C-alpha cells in the first residue's frame, strides 16, 4: 500500500510537470529537441558528471570538451536526441541574415588574446564564423574581427559572435576614395602615408594587407569608383573628387611620398630637382589635360596654364584665373616731381616642358607672380618714369611701351617664362597738371575751332555768292531768252508791220480807188440830186418869197435838233421877223450861265 502511494505520487508529479511545460519542453523532457528550419539551437549544458571537464578553463566562456556552459557546437534544423531537460537548456535563435548592400562585422566573446600591436583580431578559417569550434581551435582571437561576412544567411552561434550590419562602400563616378587604415605596421620615420601593397583586393582583405606589410595610417593607394566591402573597423574611406587638369593647362605633380629620386634636369638648372614619376619630389613629366586618380594628401598637383596669361596691374580688375587679384595700379614719380598712376597689362606664356621648372623654382604660379612679375614690372615703370616728366611720358607712350616689352622679355627669360607683350593702359596724371593740360588743350582746340569757323565763313561767303549766282542764273537765262524772244518778236512785229503796211498800202490804194470811184459816183449822184433839188427849190422859191422859205428851213432844222422855238419866241419882247427870233434864240443858248451873285447878310 505504501509502495502504491509512492508510485501514484511520482505519476502526479510527472503529470504536473507535463501540464506546465511547453510542447518543446515536454519533448525535451524525454530527451528530444526539435529545431525549425530558420533557427539554430544554442546548447547550454547545466552540469557535467566528468570530473576532468566539469568546469570551463579560466577565461573561457565557450565549452569545447563537454564542460558545463555554452557549447561551441550548435544544433542545426532537425530532430536531436539525448538532450535531457534536466541537463541541457536549448535556446532557439534565428539565422543571421546580411542584406544586399550590407556587410557583417563580427566581434568574438571568446578566443585567444589579440596579438600585441594589432587592433583587430587576425582572421582564421571558421566558415565565415559559422563553425565556432573551428574558430577556437584554429587560434581565433577575442575582440573585433578583421574578417567580415558578406551578404547572405548564416548559422552563427550568437553567444560567441556578435554580428553588426554596416553599409557597403559606394564610390561615385569621377570620385576617389582616400583610405586610412587602423591596423598594420607603423609608418617609417619621415613617411606620411603607407606605400602601395598588393594582394589585399582593394583593402577588402584586411588580413592580406597586414600580412603583406601594409602600414597603418594614410594610404598612398586610392580607390576608384565602384562598390567595396571594406571592414569599417579596419579602414575608413574619405570620398574626394578626381584631379582634373583642364584644357590649355598642365598639371605639375609634387609627390610627398616615394623613394628619393635623382635629379633629371642636369647641371644647368640649379633651382630645384625634378624626378621621375613615382619618386618623391617634382615630377619632370607634367600631366596633360584629363582626369586623374591622385591622392590629394600624398600628391599635390599645381595647375600651370599653357595658354597666354594676362596679368593686370589695375586696381579692381582681375582675370578669371585670379593670379592678379592682389595686383594694383602702379604709382610712379616723374623727373619733375609729379606722382601719377598707370595701369599695365602683361601677357606671359609658360611652355609645357618648362612648367615643372617654374613650379620647382617657385612652388606655385601665384608665387611666380608675387616674387618675380610684380617687382620686375613695377620697378621697371618706376625707373622709366623718373627719366622723363609727365608730359613727355604721356607723349612718348608708344615708345615707353615698346621699351618695356623688350626689357621685361629679357628679364623673364631667366625664369623660363616667355613675355609675349607689355601694354600700358590708363595713365592718370595729377589733377592740377591735368587741369593745366586740359585748359591748354581747350585753348588749342578753340583756336582751331575759330580758324575752322573763319574758314567756314569764307567758304560760306563763297557758297552764298555761288548760291546767289545760281539763284539769278535762271532769271539771267530767262532775261536772255526774253531778249531773244523780244528780238524775235520785234522782228516778227517788223515783219508783221511791214506786211500790214504793205497790206494797208494795198488796201489804201484799193480803198482810194474805190473811194475815188464812189466819190465820183456820189458826186455825180449829189450833183444830180442837187440839181434836182435846186430845181425843186427854185420852183418853191418861185412860188413864195425868199424870207418865208428861209423860215421854213430853219424851223425844220430846229425841229430835228429838239429845240423848242415857240415858247422862247413868244417870251421875247418886241416884234421882228422869224429870222431875228431864231438868231436871238441861238445866242441865248451859247451864252454861259452866270451863277447868282452872293448876297451880303446884314446884322
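Fewest Cβ neighbours within 10 Å first, please rank 439, 343 accordingly. Going from least to most buried by this count: 439, 343. Extending 7 Å from Cα along the Cβ direction at residue 454 and again at residue 386 yields two label points whose distance is 4.7 nm.
Put simply, the range 313-448 fits an ellipsoid with semi-axes of 34, 14, 13 Å; these come from the alpha carbon gyration tensor as the roots of five times its eigenvalues, largest first. Ordered by the number of other Cβ atoms lying within 10 Å of each residue's own Cβ, fewest first, 420, 309, 448 fall into the sequence 448, 420, 309. Using the Cα gyration tensor of the range 81-166, with a ≥ b ≥ c the square roots of its eigenvalues, what is the shape: rounded (a/c below 1.5), prolate (a/b larger than b/c) or oblate (neither)? Taking the square roots of the gyration eigenvalues as a ≥ b ≥ c, the range 81-166 is oblate. Cβ-to-Cβ counts within 10 Å put 118, 460 in ascending order as 460, 118, the fewest first. Mark the label point 7 Å from the Cα of residue 347 along Cα→Cβ and return the residues of the range 363-398 whose backbone N is within less than 16 Å of it. Counting backbone N atoms under 16 Å from the label point, the list is empty. The orientation-averaged shadow of the Cα convex hull for the range 168-241, equal to a quarter of the hull surface, comes to 4.5 nm². Cα centroids of the range 47-107 and the range 222-237: 34 Å apart. Between the range 145-197 and the range 251-320, the alpha-carbon centres lie 33 Å apart.
Only the coordinates and a few stated rules stand behind these numbers; no lab work does. Just so we're clear, the structure is a prediction, and the values are computed from it rather than from any experiment. For neighbour counting, all protein chains shown are included, and Cβ atoms are generated from backbone atoms with ideal geometry for every residue, glycine included.
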